[in-house]
Amino acid sequence: MAGSSSACSPEATAPQIWLARVPDQQPEALPGWLSREEQQRATGHHGTGRLDFLHSRWLIRQALGHAAGRPPEQCRPVSGRPVAAAAPAGWRLSLSHSHGVVACATAWEQPLGIDLEPLGRHSRWRRVVQRWFSEREQAWLLAEPDASAFLRCWTLKEAWLKATGRGIAGNLQTLEIDADGQLHGDLSDPDWWAISTTTGGFQLALVYRCPTGVTTPTQWLVADPQLSLATAAPPVSAAGGTPFHTAEGTDKPARPCPILPATGSNHD
């Protein structure tokens, strides 16, 4: 597998994103590769909720295994909210679930956040803008003809809050987005970056901290939707090898954009 756990390697400093559709069929029993804590949590879920949970934990192991160069069965997240790896240590994680798709992002030692939302399912988006967005954002967003710009802003805000370890309540304006696409965060740290793209009918955003100055787009890896949860090892495709490939078919290129640090209560 590609990747290294060394903080000096490019693979370690550049975040990776994994996307996979949740398989339709429930496993007959809980997979043996789950930790004891994960097994307990899985029993508290039912139906599609359990399948989403199991698949997200499977995808975490694939992402960590690829990034760190370890067998997936040797990888696992920390207990509770999976914001970091328990093994191998040093890797940070972020997850997002939406309508049968799971996204997982990994980075070496630096915080990150990912958010995924389906396109075309937000008929009341103007109410959300009026209630939760800043006056500057309302001024241009409410003039938009559809929800496209709103979805880009919403996913960026969610990803920002995940990356900075905060909840939505009272914090949606800590990242402000201009009509020209400039991003303004409430932190003084200058090392934050964001990407926003559409892929497979979804709007996706990633926010990550990168003090090494790496600004190249993240590596996109997509898993084949027909996967078995019985084993943590990567599945084998009909042609041989693992059915993971670089996601060159994203609808829009994912180019990093800096999040400008706060210089006061308002920006000019």
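The values are calculated or read from the model by the stated rules, or taken from the named source; none is laboratory data. Computed from a predicted model, the values in this text were never measured in an experiment. Here the Cβ positions follow ideal geometry from the backbone for every residue, glycine too, while neighbour counts run over all protein chains shown. These area figures cover heavy atoms from the full protein model, side chains too; ligands, DNA and RNA do not enter into them. Shrake-Rupley method; radii C 1.70, N 1.55, O 1.52, S 1.80 Å.
Scanning segment 71-119 for residues that are open to solvent by 10 Å² or more (accessible area, probe 1.4 Å), closer than 21 Å to T212 by Cβ and among the β-branched types (V, I, T) returns a single hit, V83.
All conditions but one from (1) among the small types (G, A, S); (2) touching a helix residue (DSSP H, G or I) at 6+ places or on another chain (Cβ under 6 Å); (3) open to solvent by less than 40 Å² (accessible area, probe 1.4 Å) apply to A159; the one that does not is (2). Taking the criterion of being open to solvent by 10 Å² or more (accessible area, probe 1.4 Å) and under 29 Å from A14 (Cα atoms), the only residue of segment 37-52 that qualifies is D52. Candidates in segment 164-179 are the residues that are open to solvent by 10 Å² or more (accessible area, probe 1.4 Å) and among the aliphatic types (A, V, I, L, M); of these, the one that is farthest from E109 (Cα to Cα) is A179. Reported count of residues in segment 58-91, each being in contact with a Pro (Cβ under 7 Å, 6 or more places away or on another chain) and not hydrophobic (A, V, I, L, M, F, W, C), is 5. Among A67, A63, which is the only one that is modelled with pLDDT under 95, within 14 Å of the chain's Cα centre (by Cα), crowded, with 21+ Cβ neighbours inside 10 Å and small (G, A, S)? Matching residue, one of A67, A63: A63.
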